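**Student:** Structure incoming, see below.
What follows is calculated from the coordinates using simple rules that are stated; it is not laboratory data. For clarity, every value in this text was computed on a predicted model and none was experimentally measured. Backbone-built Cβ (ideal geometry, glycine too); neighbour counts: all protein chains shown.
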Amino acid sequence: MRIMEDEEIIDIVERVEKENQEIKADAGKHKLSLVPSQIIKDIAEIREYGNRKYKDPDSWKRVEKVRYVNAMYRHMIDYIDDNKGVDEESGISRLKHLACNVAFLCEMEMWDENLVKPKSRDKLDKAKEVLRFLNMSEITPKEHEAISDILEYLAEE
């Protein structure tokens, strides 16, 4: 049996990698299957609680980052003091709240790093809030149509 030289092994590996990328190009992409699924479920549980409480799945995007840092610290300290305890208001594990705050902060860090804070989405969210308020007020159909046009314009931005 012949022992292959390092160059031969490297050549074989490169060919296999190239063939694999021709079938499915995923080089350099994150292997999300490595993430423990429980943390995703835990964050989803907190998000569902938040959606019931605040009635807006995007409300977290309009909160200052420092408030999530403070919430993260509070939940972390509470968890350290009592790792079996739950948040008094929600009745959900403090660790799950901590994970959700960290997720929000990671997302906000990405916005900062890439300078892609969804400004048009923020504008759209604010416009929707105004529209919700106006829907509770007396406005004419023509005014309502004008507001809807503005919302469509912001959504396309």
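**Student:** Highest mean first, how do 31-38, 64-71, 79-86 rank when packing is the count of other Cβ atoms within 10 Å averaged over residues?
**Tutor:** Values: 31-38: 8.0, 64-71: 13.0, 79-86: 11.2.
Put in order of decreasing packing, that is 64-71, 79-86, 31-38.
**Student:** How much length, in nm to one decimal, is gained on full extension between ILE9 and LYS31, taken as 0.36 nm per residue of separation minus their Cα-Cα distance?
**Tutor:** Length gained between ILE9 and LYS31: 5.4 nm.
**Student:** Still on this model: Name the residues whose placed amide hydrogens come within less than 5 Å of the amide hydrogen of SER93, ignoring near sequence neighbours (fewer than 5 apart) on the same chain.
**Tutor:** It is ASP87, by chain and number.
**Student:** In whole angstrom, note down how far apart the Cα centers of the stretch 38-79 and the stretch 81-95 are.
**Tutor:** 13 Å
**Student:** Long-range amide H contacts for ASP56: which residues qualify at under 5 Å (H placed 1.01 Å from N, peptide plane, sequence gap of 5 or more or a different chain)?
**Tutor:** The list, which skips near neighbours in sequence, is empty: none.
**Student:** Suppose the chain between ARG74 and ARG52 were pulled fully straight at 0.36 nm per residue; how much longer would it get relative to their current alpha carbon spacing? Kindly include the intermediate steps, with their values, before the conclusion.
**Tutor:** On the way: separation 22, 0.36 × 22 = 7.92 nm, distance 2.18 nm.
Residue separation times 0.36 nm, minus the Cα-Cα distance, leaves 5.7 nm.
**Student:** Could you list, in their original order, any pairs among LYS31/LYS96; LYS61/LYS96; LYS53/LYS142 whose Cα atoms are separated by more than 27 Å?
**Tutor:** LYS53/LYS142
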